[in-house]
Amino acid sequence: MLRLSREGYERACATLELTPMSDEECESPEICDRTYGPPKDGFVATISKKLAFGRDWGIRGERRKERMRLRQELERRFPRRMSREQYEEFCTEAGLQPPPAFSRQVAVLESQAERLSRA
């Protein structure tokens, strides 16, 4: 399966003297669902759409890599099993106001529910 970068896709189109599609067009349902090919489309249109399909897979791969990079950054900044004190210290250093601890949130919700039941 082709996984083309934008540059690779444009280079392949230029080699075959095809007009490259935008990334939005490459991600269109017509391309993603592979609803192209003979007899509806001619040879050139089929090749053009096959390259666009390869670009769609390239876009998906680029997004996957970006999500992995963001997840690694998140886990680096907020390691699993971080204590509440470590979390509050990090928030203070970053200039953020940490949300209240979960137990405090539950207590607030319970008191609100009690007030509403009395009304």
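General observations
- Extending 7 Å from Cα along the Cβ direction at residue 6 and again at residue 80 yields two label points whose distance is 3.5 nm.
- Residues residue 36 and residue 116, FRET efficiency given R0 of 41 Å [Cβ-Cβ distance, rounded to 0.05]: 0.10
- Dipole magnitude of the chain, debye to nearest 20 (Cβ charges: Lys/Arg +1, Asp/Glu -1, about Cα centre): 480 debye
- Entry for Cα Rg over 2.2 N^0.38 Å (calculated from the structure that is shown) out of [x] 1.10; [y] 1.51; [z] 1.89: [z]
- Annotation note: trypsin sites (Lys or Arg not before Pro) in segment 53-92 located in DSSP loop regions with a Cβ neighbour count of at most 12 within 10 Å are 80, 81.
- Restricting the trypsin sites (Lys or Arg not before Pro) of segment 6-40 to loop positions (DSSP other than H, G, I, E, B) with no more than 13 neighbouring Cβ atoms within 10 Å leaves 34, 40.
- Dividing the mean sequence gap of close Cα pairs (under 8 Å, 6+ apart) by how many residues segment 1-77 holds gives a relative contact order of 44 percent.
Every number in this text was worked out from the coordinates using simple rules, so none of it is lab data. This is a predicted model, so every value here is computed, not measured. Heads up, the Cβs are rebuilt from the backbone with ideal geometry, glycines too, and the neighbour counts pull from every protein chain shown.
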